[in-house]
Amino acid sequence: MRKIINPWIHKEGYNCFGCAPGNPIGLHLQFYEEGEHILSYWRPSDYYQGWVGTLHGGIISTLIDETAGWVVTRKLQTAGMTSRLSVNFKKPISSSDPQLSLRAWIADRKRNFVSIHVEVRNAHEELCAEGDALYFAMGEEKAREMGFTECGLENEEIMPF
């Protein structure tokens, strides 16, 4: 498993709620590549709860959507946009869970449309939510207009969390 280098980190105006490290209210997600999968690990808090002690469904959806976007960024080496997002909530997630794990992969691709499947598991490795995202993968010219050049990996191999 290797950490993905955030290609947007030096882009002026970059303040993504999901992955910008400088966004004071953001999720600060970081991503890793393991074979065909893109992974992320995140620790919930009470700031993101819906019902008392339970992670808000919109935050779970955001985690799924953001992880799917990084599949496009890393695996297809381009920028993309969410066209459709479907989330299946299977089990409540505690806002005090010590760590969630997200795993995503390309399920299908037809031209510029990419179907991505994402799983969200709690610290006990129980499947709590899964989502299917349909992303529009931009052509090279449009991606460059947005500031995308490449999405690489750090050299050091990281042991799984």
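Look through region 72-90, keep the residues that are in contact (Cβ under 8 Å) with a residue 60 or more places away in the chain and either assigned to a helix (DSSP H, G or I) or not small (Gly, Ala, Ser) (or both), and return whichever of them is most open to solvent (accessible area, probe 1.4 Å). If we take residues in region 72-90 being in contact (Cβ under 8 Å) with a residue 60 or more places away in the chain and either assigned to a helix (DSSP H, G or I) or not small (Gly, Ala, Ser) (or both), then 77 is most open to solvent (accessible area, probe 1.4 Å). Taking the numbered list (1) surrounded by 19 or more Cβ atoms within 10 Å (Cβ to Cβ); (2) outside any loop (DSSP other than H, G, I, E, B) in turn, residue 106 passes all entries but (1). Mind listing just one residue for me: the one in region 115-130 that is in contact (Cβ under 8 Å) with a residue 24 or more places away in the chain and not in a strand (DSSP E or B) and, of those, surrounded by the fewest Cβ atoms within 10 Å (Cβ to Cβ)? Among those that are in contact (Cβ under 8 Å) with a residue 24 or more places away in the chain and not in a strand (DSSP E or B), it is 125. Per this entry, residue 53 is counted among residues that are more than 24 Å from residue 117 (Cα to Cα) and touching a strand residue (DSSP E or B) at 6+ places or on another chain (Cβ under 7 Å).
Quick one: count up the residues across region 51-71 that are in a strand (DSSP E or B) and not hydrophobic (A, V, I, L, M, F, W, C).
Residues in region 51-71 being in a strand (DSSP E or B) and not hydrophobic (A, V, I, L, M, F, W, C): 1 in total.
Considering only residues in region 18-58 that are surrounded by fewer than 14 Cβ atoms within 10 Å (Cβ to Cβ), in contact with a helix residue (DSSP H, G or I) (Cβ under 9 Å, 6 or more places away or on another chain) and in contact (Cβ under 8 Å) with a residue 24 or more places away in the chain, the one that is nearest to residue 154 (Cα to Cα) turns out to be 36. Taking the criterion of being within 23 Å of residue 106 (Cα to Cα) and assigned to a loop (DSSP other than H, G, I, E, B), the residues of region 29-50 that qualify are 29, 30, 31, 35, 36.
The values are calculated or read from the model by the stated rules, or taken from the named source; none is laboratory data. Computed from a prediction, not measured in an experiment: that's the story for all the values here. Reconstructed Cβ throughout: ideal geometry from the backbone, glycine too, with neighbour counts over all protein chains shown. Surface accessibility is based on the protein's heavy atoms, side chains included, excluding ligands, DNA and RNA. Shrake-Rupley method; radii C 1.70, N 1.55, O 1.52, S 1.80 Å.
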